[in-house]
Every structure is written in C-alpha cells, then in structure tokens.
C-alpha cells in the first residue's frame, strides 16, 4: 500500500476548496480510498489503499477524486494536441526492453510542490505498479534540450558514454551499472543482456538508460524547466499506457498542456498518450442487488458523476458510462458499483443484519484440542503456544536428532524462523531454556500442528496435530512422566503399550515408544543431558510427545 | 508410631552404611578394597552416591561434597528416642526397612497428648475420640497462603476457542486447509494476477525444493485460466495476460485465511450449502519484519456468507454486529479499501477506549471473476479478521509477541477472567 507525502495547502489548492482537517480525515479522504496516517500543520502522510489504482498515488489524483464530491462533477476533461516530436524505436531494443510510450507536457510552472509530487508519483508508479521498474520505468526530461527526434535504441555496454544524473564525469554504460548508486540498484534488471536500451536524440545527446538512470544533461528537471518530455518503457503496451496517462493527467491538473508524440515501431506508428475516455455498461438490477439500495436514475447519475464518470445514457435496464483514461482498474461492472457506494459514503449507508438460520459446527481438531487441554490442565500443567516456524539448529542439532527431511522456507526473513517444526518437543525445551531463571518446578504442555513431508498429500506436506509435555525440577523421575502419560491415555480412553527404544533426545535406557494399535505414536522419557547442555538447561527434564491425529483418527 | 527394625537397630549402633563408607573412603579408595572392608557395601555406595558424598573414577571411590546429617540419620535418631519423624523422612526409612509402624506406639503417643496443645490432628485422635481431650492450637489464619500455580490454558489459545464458540453460536461452519498451500488456492482462484506485486519474493514465502503440488480438476483450472486471461464468461475483461498453470501449482505457506474459501466454494475440500455461513481460523505466514505489531506468523479468522440475496448492506450489518459483539466497542467505522478478490471492498475499525480507532477486519463481496469460475452463482460476502489484533484489543496487550509468550511468569500470573 503506497504511503504518500502530501501538503495540506497543496491538496486544498488542487481541490479548489479549503476542507478542514477533521472533515478531510473522517470523510473526504475516503472518497480517494485513502487514510490519513499523520497530519501536522501542513505535512500529511496518506496511505493509499488501492494497489490497483496508480491514478490515486499523488496529491493531484487524490484532489481530483475528492473534488468530484465537492462540486467538480463528471469526467475531468483533458485535451491533447500534436507536439510534432517523433520517437523512433529501433529493432535492437526488442530483446532488452521492447516498448515505450511517450508524451510532451508544455507550459509548466514548475514549483517545488510540482517537482516533489512528480518525483513521488513517478517513484510510486514505477515502484509499485511497475514492479520496481521491471515492468514500467518512467523518465521525465527537459524537452527544450532535445534536438531532432528521439531514438530508442540498444547499445553495447562499452559502445557509449554519458554523464549520469548527479555525476560530473562521463561513464560507459557498464561503468554506470558498477559505479553509480542507481546503476548498482537496478543493474540486475539488465543482467545478462548483450546490449542496453538508450534514449538518445539526433544530436547524440543521451536522455537516459532505462530502467536505470537519466543523463545529467537532458534528464535533469529543475524549477527553470517549462516543458517536459516523458517516456514509459517496458514489456507490455497495455501496462505502459495507463502509467503514462496517470503522469500526464497529474501534470495537466497543475496547468500543463498535454501534447502527443508519434512513436514509430517497425510495423506501426502509435500516437501517445491516448486520453480518450473509456466506456462501460452496468445493469440496474445488478446495481440494486449488489448495493442493497434502491437508487433512482437521478441518484445513480449524480453518484457516478461525483466519482468522475460521465453518464451517457440511462435506459430501462442499463446505465452507460464513460470513465477517464487514467483508470485501468475497471474490469467488470462491479468496479463501477463500488464507485457508486464510495460516492454515497460507506458510513452513510444503513447496515442490514443478516437474519439467516444456519446450524454451526466446529471441526474435529478443535474438539480434540479442548478435551486434551482439559486433561492436561487437570494434571496441573500450564499450556504454552509457540510458533510453527523455527530453525534447524533448534529443531535438529540441539535435540541431537539426525538430519531428516523438513519443510524449509526458500526466502526466510531471518534464519531464526526458517523451517517449519515437525515436532513440538524442541519448543518445550526452548521454553525451559528461556525460563531457567524462573521458579521451578515448571510443568508445561503444547498442542499444535507440525508440518510433515508427505508425498501423497496434494501440497507435498501435511499438518499433523501433536501434543507434547515437559516437566523440569530439581529432581524428576521417569515414573512421573510415565504416570502422566498413563493418566492422559486412560482419561482419553486410548489403549497403549510401552516399548523400549533409543534415540538421541532421551537418556539411553530411560526412553520408550508409545504403541497404539500396533503403531508407534510417540515417545517419552528423560531428556539426554547432552540435549540439556545444548540448550543451556540446568535442571533435569522429562517429557513426551504424541501424535493426536493418529490416536484420535482424524 | 514407629519403632526400629533389627536393621535399624544395627545401623543405630554402627552408623548407616553410607556414613560408614564415607568415613572409610577418606580421600580415595579402590572399590575392590572397600568391598572387603565394610558390610552392606552396595547399599552404602548407592546412598553415598545419591547424597553426592562420593563419586567413582576409574574404579576408585573419591570423596566429594560437604557432608551433613542426612534425613535418614535424623529420622533414625528421632525414632530411637520414641519421637515421630516428619512423614517424608518416615516413608524413606520405611522404604529402607530401617523402621516399622507400631500401632500400639501410635495409640500410646495419642494418649500422651491428652491435655496438651497439638498442631496435627491424627487418625488415632479422631478414631479414639481423644481429640476432645486435646487442645488444637490456633493458626495464624490471616497469613497469606504459599504461592502455587494451577495448570491453565494459554490465554491466546483460550481466546481463539472463545471466538470459535461465538461463531458456532452464530451458525458458522468451520473450514480448514493445509498450512503448506498451493499458489492456486492462495492466489489464482482468488483472481490475484500472477504478476501481482503481492506474489513477489518479498511479499510471500516460498518453499525450498521442487515444490509442485497437485492442481484440482480440469474444469476448475479451465475456468480460472479464462477468468485471468480474458474474463471468460464472467462479464469481466480479465487481467489480460497468459496464465501459467505451472506457477499455480507451486506450493507456499498459506499467506491468508481466504485461501481456504475457494477450496470449499468449488466443492474441492467440502460442500457449501446455500444459504450458508462458513469460517476458518488458521495460522498464516508473510515475510514481515518482526516488531510489536508484526509477529513471525499470525492468525487470521475469515469466512463468508452465501445466499440468493445478499448485498453490501448485509455485509456492513454482519461486520458491525460481530465486531460490536466481540469487542464491546462503542462505535465502528467503515473505510473504502482494496482487495483483489472483493469488489466492493471495505475495512472496519472499532473505537477502543485507550487505543483509539483500531483496524480490525477487511471485507467485501467476492468478485464474480472468483465465484463464477468455481461454479458459484449466488453473491458471497466475505470478511477476514486479523485475530491477533482482536486478541490484543481484548487481552489488553500492546506487543503482539506476548500472544505467543515464552515467559512462564507472565503465563502464570495472567488471570483467566
């Protein structure tokens, strides 16, 4: 969710009306799907919740949406005229970054507000919508420094030199990727390419190397700039066009004049930006059934106009609308219906309770968990809950277990939380190790899922409900844990036998398998002092673990 | 009450075997020498070791530790003087066959108490009625009791149980799914585009290894594919890209509870009745940086209601009732929101007396691009609660990590009411 820095004064100027801060927070900002995170005298942070509407990720976009509900109704009008500029796309870019769409915006009064907002919008659109410049990269340039046409062409890494933004020496393309901070940040997007894409004018001045860096000459926009050239580059024209529209409309909202550019591909020439409104038709019965509100034609028209639609026709059954070209999120009439509801104001709509008689039920594991917990609590043990994520060190090494197949994360945030537990006992020991300075005896249990590799499962792993228990005191005895297990098994009505076994977790000769219906369903015993040393535990520990899914037949 | 056995009498005279062994050892002595020099050697060695007086190193018995009078020695002396040792010591001596119970002695002892002040009321005093002739010492009944800790449920586990019971009362049927899930159920069936940023490496975990699971039946796959590519029969334009079955069959830890709903709506994991109310409450995993409001893993509680005529107003009604009921909040507020799988979408916040407005749930009407490919014709209103937040709200916890507290002191002291 993009978070935007917005100036309160700038926002009100763009809306064309001063809205007091409380009203902005509690009502107006919701029209733009935003939430005010912070508001100072002038600086605000607004969380934009719609990750599918880049048109809302700027002060201009938010203002446009709010203004609709404060009088500026209907489709915002944007006109274009030809700039005469030509961008020639050379075939050499087809293997690197094949597409671009471009525009010119003139007569700008570049203020600090505009500069800050344009940079922010450019970053958010290329960052979030453009997936960190991979799908969409955006460049803004001083139009008056461009000579002749702009060529979009690929060059070999050492074939060309230019001064990258905020540098004062010429670097080759490969040097830029190695030395310039932005070069290093985005080098991975050009990794393995034989040639790198370049925007360059007829005079041989480089505009930029997308998606990495602008040149310091053409690619630097200051408060003295009046006319800008904008390009978006990437791999899919349908993704690039809305991004360009979002940018030029924001600049037009600040008084810029939008001009089109002819982008010449091998087989066709396209004229961008295309700001012709798009159309959609919504069924009136459908509007009524989804909203749950009986709206008159007039109300529907008014609410849609507030959301910056034009209603071109309302028939007996349908509403035909036009919506702005900067919106690419409208896929279904549902999307139009949401805008009707937002105009209405979610908190102005009377909620209707659902009066539906259905019979509820819980799944078996919750019932098992509750009953098992009741018995364990009755035996005087404290329940604990731990994370299902842990690490190999705790799960295997400290437990003196052999390496066994477990479910591992490919991209953990921290190695501490990098594998899923396949057993609960390590968690019991971890707990004792974290509580060695607290009063003993400590008697605890946990009921929870373990993640077990299982090739027959549709997702290759299955969840397995287990119970583990542990007791630590100055003195413990095998008999005590055997009695607790026996009490548990008798009370829950599960038959069992003990069978002598050996493993690294327990002391040799003080460990048994729990056998139920001929199958081993768990182990119990006194913990191996080597394991206690591994965990830094200073008092003896007894414990058991048992597979609840098996004994209660999931 | 007790008298010495023959063995006890012998020990009284010669000393307990462990004492004799300890004296014999001085600094160190080979086992085989000690064996010859002392009777009851093996008993003596066992107890001397247990008491931590000696240890054995390569066949040599070595002294260690500081030796004071043991319980056994104190008990032996008391019984020989006709006194009664504490129960714990008596039972130790009984186990070692050093003393035996003497019923006549017990009775005699009871008679001796006549006219005296006693602390412990004995079975003999009760049976014989002699209790009427003794004076039972009053205790300091205003002194605080010794601290003991009862067994208890973990507070968060108890809260989860409470929420499930509340939903049960409201007529919801519980659903579940595997912790390790297919991307198909977690994303694709929910109409989340395959190139959506939330499916990237930094936003979701993936599992090491080959990681391919089994996709559901072809008809479901076919419908979901066309919903993504061009909208299919749903009246939508779709996302307009080439949908990749291989990506959908990758496995991942479930990132949200909503992954479970399409399993049921499609009939893959269970059948949905219309009208019907369904919910799940499960652990979910996202690569967040861990802090006071983001745990290593988190619980989500979500669900849906399906019926012929359900609207956005019903959704607001369900949310408001449930939140007011669970949180006892004075007021709730709705915010427009965005989720790839619902439209219209809404977020609900509740007003906490101290914390202010707290964001509790996201909800919406499932998109037709989700329901129709799964064969569902009716409107489905769906919601998901960050149940961890709700628990913090209810348990008055400021740091989310306390929900999985590893501090026994906190668990012991947390009240259950």
Scanning segment A:77-92 residue by residue, the ones that are buried (at least 16 other Cβ atoms within 10 Å of the Cβ) and either under 30 Å from residue A:65 (Cβ atoms) or out of contact with any strand residue (DSSP E or B) (no Cβ under 7 Å at 6 or more places or on another chain) (or both) total 3
Subset of segment B:25-43 [surrounded by 15 or more Cβ atoms within 10 Å (Cβ to Cβ) and closer than 15 Å to residue B:62 by Cβ]: B:25, B:29, B:34
Count of segment B:241-263 residues which are surrounded by 23 or more Cβ atoms within 10 Å (Cβ to Cβ) and within 12 Å of chain A (Cβ to nearest Cβ): 7
Residue check, residue B:238 closer than 17 Å to residue B:220 by Cα, under 30 Å from the mean Cα position of the chain (by Cα) and within 11 Å of chain A (Cβ to nearest Cβ): no
Flag for residue A:73 being touching a residue at least 40 places away in the same chain (Cβ under 8 Å), in contact with a helix residue (DSSP H, G or I) (Cβ under 6 Å, 6 or more places away or on another chain), surrounded by fewer than 23 Cβ atoms within 10 Å (Cβ to Cβ) and part of a loop (DSSP other than H, G, I, E, B): yes
Residue selected from segment A:444-466 under the condition outside any loop (DSSP other than H, G, I, E, B) and facing chain B (nearest Cβ under 7 Å), by the criterion nearest to residue B:411 (Cα to Cα): A:449
Unique match (being at negative phi, without any contact (Cβ under 8 Å) to a residue 12 or more places away in the chain and in the same structural domain as residue B:335 (by TED's automatic domain parsing)) among B:351, B:398, B:377: B:377
Those residues of segment A:241-278 which are surrounded by fewer than 16 Cβ atoms within 10 Å (Cβ to Cβ) and under 11 Å from residue A:325 (Cβ atoms) amount to A:274, A:276, A:278
Could you say whether any residue in segment B:401-415 is touching a helix residue (DSSP H, G or I) at 6+ places or on another chain (Cβ under 8 Å), closer than 30 Å to residue A:448 by Cβ, buried (at least 17 other Cβ atoms within 10 Å of the Cβ) and away from chain A (no Cβ under 11 Å)? no
Residue check, residue A:509 modelled with pLDDT under 95, assigned to a strand (DSSP E or B) and more than 44 Å from the chain's Cα centre (by Cα): yes
In segment B:365-385, anything facing another protein chain (nearest Cβ under 9 Å) and part of a strand (DSSP E or B) is listed as B:365, B:381
Would you pick out the residues in segment A:422-434 that are crowded, with 22+ Cβ neighbours inside 10 Å and within 10 Å of chain B (Cβ to nearest Cβ)? A:427, A:431, A:432
Being touching a strand residue (DSSP E or B) at 6+ places or on another chain (Cβ under 7 Å) and surrounded by fewer than 18 Cβ atoms within 10 Å (Cβ to Cβ) is the filter; apply it to segment B:321-335 and report the residue that is modelled with the lowest pLDDT. B:327
Of the numbered conditions (1) without any contact (Cβ under 8 Å) to a residue 24 or more places away in the chain; (2) within 10 Å of chain A (Cβ to nearest Cβ), residue B:331 fails exactly one; give the number of that condition. (2)
Filtering segment A:40-61 down to residues that are more than 13 Å from every other protein chain (Cβ to nearest Cβ) and in contact with a strand residue (DSSP E or B) (Cβ under 9 Å, 6 or more places away or on another chain) yields A:42, A:43, A:44, A:45, A:58, A:59, A:61
For segment B:60-117, please list each of the helices (runs of 4 or more DSSP H) lying entirely inside it that holds at least 3 residues being over 46 Å from the mean Cα position of the chain (by Cα) and under 30 Å from residue B:32 (Cβ atoms). none
From the list B:288, B:307, pick out the single residue that is at the interface with chain A (Cβ under 9 Å from one of its Cβ atoms), in contact with a strand residue (DSSP E or B) (Cβ under 9 Å, 6 or more places away or on another chain) and without any contact (Cβ under 8 Å) to a residue 12 or more places away in the chain. B:288
Give the number of residues within segment A:378-402 that are part of a loop (DSSP other than H, G, I, E, B), facing another protein chain (nearest Cβ under 7 Å) and in contact with a strand residue (DSSP E or B) (Cβ under 7 Å, 6 or more places away or on another chain). 6
Scanning segment A:285-303 for residues that are more than 14 Å from every other protein chain (Cβ to nearest Cβ) and surrounded by fewer than 18 Cβ atoms within 10 Å (Cβ to Cβ), which turns out nearest to residue A:73 (Cα to Cα)? A:302
I need the full set of residues from segment B:177-198 which are modelled with pLDDT under 95 and facing chain A (nearest Cβ under 10 Å), in order please. B:193, B:195, B:196, B:197, B:198
Filter result (in a helix (DSSP H, G or I) and without any contact (Cβ under 8 Å) to a residue 60 or more places away in the chain) within segment B:175-197: B:197
Residue list for segment B:156-174, restricted to those being more than 8 Å from every other protein chain (Cβ to nearest Cβ) and in contact with a strand residue (DSSP E or B) (Cβ under 9 Å, 6 or more places away or on another chain): B:158, B:160, B:163
Hey, can you tell me all the residues within segment A:321-353 that are farther than 28 Å from residue B:241 by Cβ and either in contact (Cβ under 8 Å) with a residue 24 or more places away in the chain or within 8 Å of chain B (Cβ to nearest Cβ) (or both)? A:340, A:341, A:343, A:344, A:345, A:346, A:347, A:349, A:350, A:351, A:352, A:353
When segment A:361-377 is checked residue by residue, the ones that are more than 22 Å from residue B:283 (Cα to Cα) and either in contact (Cβ under 8 Å) with a residue 60 or more places away in the chain or more than 7 Å from chain B (Cβ to nearest Cβ) (or both) are A:374, A:375, A:376
Filtering strands (runs of 3 or more DSSP E) wholly in segment B:240-334 for at least 2 residues that are at positive phi gives none
Scope segment B:199-226; condition touching a residue at least 40 places away in the same chain (Cβ under 8 Å) and surrounded by 16 or more Cβ atoms within 10 Å (Cβ to Cβ); matching residues: B:204, B:205, B:206, B:207, B:211, B:216, B:220, B:223, B:224, B:226
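The values are calculated or read from the model by the stated rules, or taken from the named source; none is laboratory data. Everything quoted here is computed from the prediction, not taken from an experiment. Cβ coordinates were reconstructed from backbone atoms using ideal geometry, including for glycine residues, and neighbour counts include every protein chain displayed.
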